[in-house]
Amino acid sequence: MPHPYVLLSAAVSLDGYLDDTGPDRLLLSGPADFDRVDEVRASVDAILIGAGTIRADNPRLLVNSEQRRSARTGAGKPEYPLKVTVSGSGDLDPDARFWHTGGDKVLYTTDQGAARARALDLATDVVPLGADLDWRRLLTHLHDVRGVRRLMVEGGGLIHTQLLTQGLADELQLVLAPLFVGDPRAPRLFGPGGYQGGRLRLLESRRIEDVVLMRYEPTAPGTGALPTAADHHWLARACELAERCPPSDTAFSVGAVVVGADGTELARGHSREGGDPVVHAEEAALAKLDPADPRLPGATVYSSLEPCARRASRPAPCARLILDAGVRRVVTAWREPDTFVTDADGSGLLAAQGVEVLVLPEHGGQAKAPNRHLLS
């Protein structure tokens, strides 16, 4: 993917606070969970915190276990993950422990903030992102320039809120501590924003001493031309379905998933499903739904190959079936080659009727894998 896998990590009180208003940091979890966090840190390529967290907590942000650091270097990785912070102003304390412990550091800031940060002689690489902070540009730079594939974000609350509401978080690891803060002046984990309307998917829940770890995955599709983390997850699932197709020398192996606006999976299908030698993936998925289902106009169809515009085996191609269902958004991994139909352009047919079509070529390798014999 053009972005790293973004993992949000936080511990909160039962009433949703990250800290209290006392002079010392409120410890929300215990030794066993701190060790778990250390393990997660050791598994990622970079750890990100906001400038507010540096100012409030003065953290070192290290992998504390010598054994885990040795395992990293033994695998050819740096001893410590890249340390990343974000500041619009660039106004940070050059004596903060963040700059003087661990390995490499990078500060993402604005053009104006970069000038201030360089004047302060901060011990870090400084990367300006323009007039304003842009999370997509930041993540692309981390991925393409710094080689970051897994990014752990440890706060603060504003950063967690921005990444979730912009659809850029792949996973939320939330530790719930058995205490209350009750002070409205204390910092909360999440602020107001346009969060997904439906339920996140629970990946894991685990008791760790007296706290509970919960891992969630956002599921709601994007709403326009910019893909969300959930779009990547659902398209990967469609590509996995393509691998279930009975082999064929005369048709592609394709998987499709129909997902409601709230992140609910409505239906799925794959080519030649159920012993039908000519059924297409999108056709198989849509056939499982009532054509009058009110969720369809707000749904997204994920297909490992662009929906067909012409076919000989059935009267209606898949692009037409999608239009007839009222679906207004399609996400696919690759465009149909000329193997069986020349100048196939299902995406063009859909777009001409006002459907938003996204092609995410970073999933193309997975989508093409079960079709290698047709492409060679």
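Here each label is just a point 7 Å from Cα along the line to Cβ, and for Asn58 and Thr73 those points are 2.8 nm apart. DSSP bridge analysis restricted to the stretch 229-375 gives an antiparallel fraction near 55%, rounded to the nearest 5. The amide H of Ala267, built 1.01 Å from its N in the peptide plane, has Val258 as neighbours under 5 Å, considering only residues 5 or more places off or on other chains. Taking a straight Cα-Cα cut-off under 29 Å and skipping sequence neighbours fewer than 8 places away in the same chain, the lysines within cross-link reach of Lys77 are Lys105. Between the amide H of Val153 and those of Leu7, Leu8, Ser9, Leu48, distances stay under 5 Å, these residues lying 5 or more places away or on another chain, with hydrogens modeled in the peptide plane. Note on the chain: dipole from Cβ charges, positive end direction compared against Leu350, Ala367, Pro218; the farthest Cα belongs to Ala367. Of all beta bridges that DSSP places with both ends in the chain, some 40 percent have antiparallel geometry. Computed from backbone phi, the HN-Hα couplings of the stretch 22-30 come to x, x, 9, 5, 6, 8, 8, 9, x Hz, rounded to whole numbers (Karplus: 6.51 cos²θ - 1.76 cosθ + 1.60, θ = phi - 60°; Gly and Pro given as x).
Against the chain, whose longest principal axis comes from its Cα atoms, helix 229-242 is set at around 40 degrees.
Could you tell me which of rounded, prolate or oblate describes the chain, using a ≥ b ≥ c as the square roots of the eigenvalues of the alpha-carbon gyration tensor, with rounded for a/c under 1.5 and, failing that, prolate when a/b is larger than b/c and oblate otherwise? It comes out prolate by the Cα gyration axes. One decimal place: the segment Asp121-Arg310 gains 61.9 nm when fully extended, by the rule 0.36 nm per residue minus the C-alpha distance. Dividing the summed helix terms, -39500 (n - 2.57) for each DSSP H run of n ≥ 4, by the number of residues in the chain produces a 222 nm estimate of -7500 deg cm²/dmol to the nearest 500. Stretching Ala369 away from Arg207 to a fully extended chain increases their span by 54.4 nm, per 0.36 nm per residue minus the current alpha-carbon distance.
Maximal additional length on extending the Thr250-Ala131 stretch stands at 37.6 nm, based on 0.36 nm per residue less the C-alpha distance.
Projecting label points 7 angstrom from Cα along Cα→Cβ for Glu356 and Gln112 puts them 3.1 nm apart. Assuming charge only on the beta carbon of Lys and Arg (+1) and of Asp and Glu (-1), the dipole of the chain about its Cα centre is about 400 debye to the nearest 20. Measuring gaps between exposed loop sites in the chain (GluC sites (Glu not before Pro); DSSP loop; at most 16 other Cβ atoms within 10 Å), the longest gap, sites not included, is 244-376. Note that the stretch 172-182 has calculated 3J(HN,Hα) couplings of 10, 9, 10, 9, 9, 9, x, 8, 10, 9, x Hz, one per residue in order, obtained from phi through the Karplus relation 6.51 cos²θ - 1.76 cosθ + 1.60 (θ = phi - 60°); glycine and proline are x.
Couplings 3J(HN,Hα) for the stretch 281-289, derived from phi with the Karplus relation 6.51 cos²θ - 1.76 cosθ + 1.60 (θ = phi - 60°), are 4, 5, 4, 5, 5, 5, 5, 7, 10 Hz, where x marks Gly and Pro. Taking amide H atoms as placed 1.01 Å from N in the peptide plane, the amide H of Lys105 lies under 5 Å from those of Lys83, Asp125, each 5 or more residues away in sequence or on another chain.
Each reported figure results from applying straightforward, stated rules to the coordinates on display, with no laboratory input. On a predicted model such as this, the values are computed, not experimentally measured, just so you know. Note that we place each Cβ from the backbone using ideal geometry, even for glycine, and neighbour counts take in every protein chain shown.
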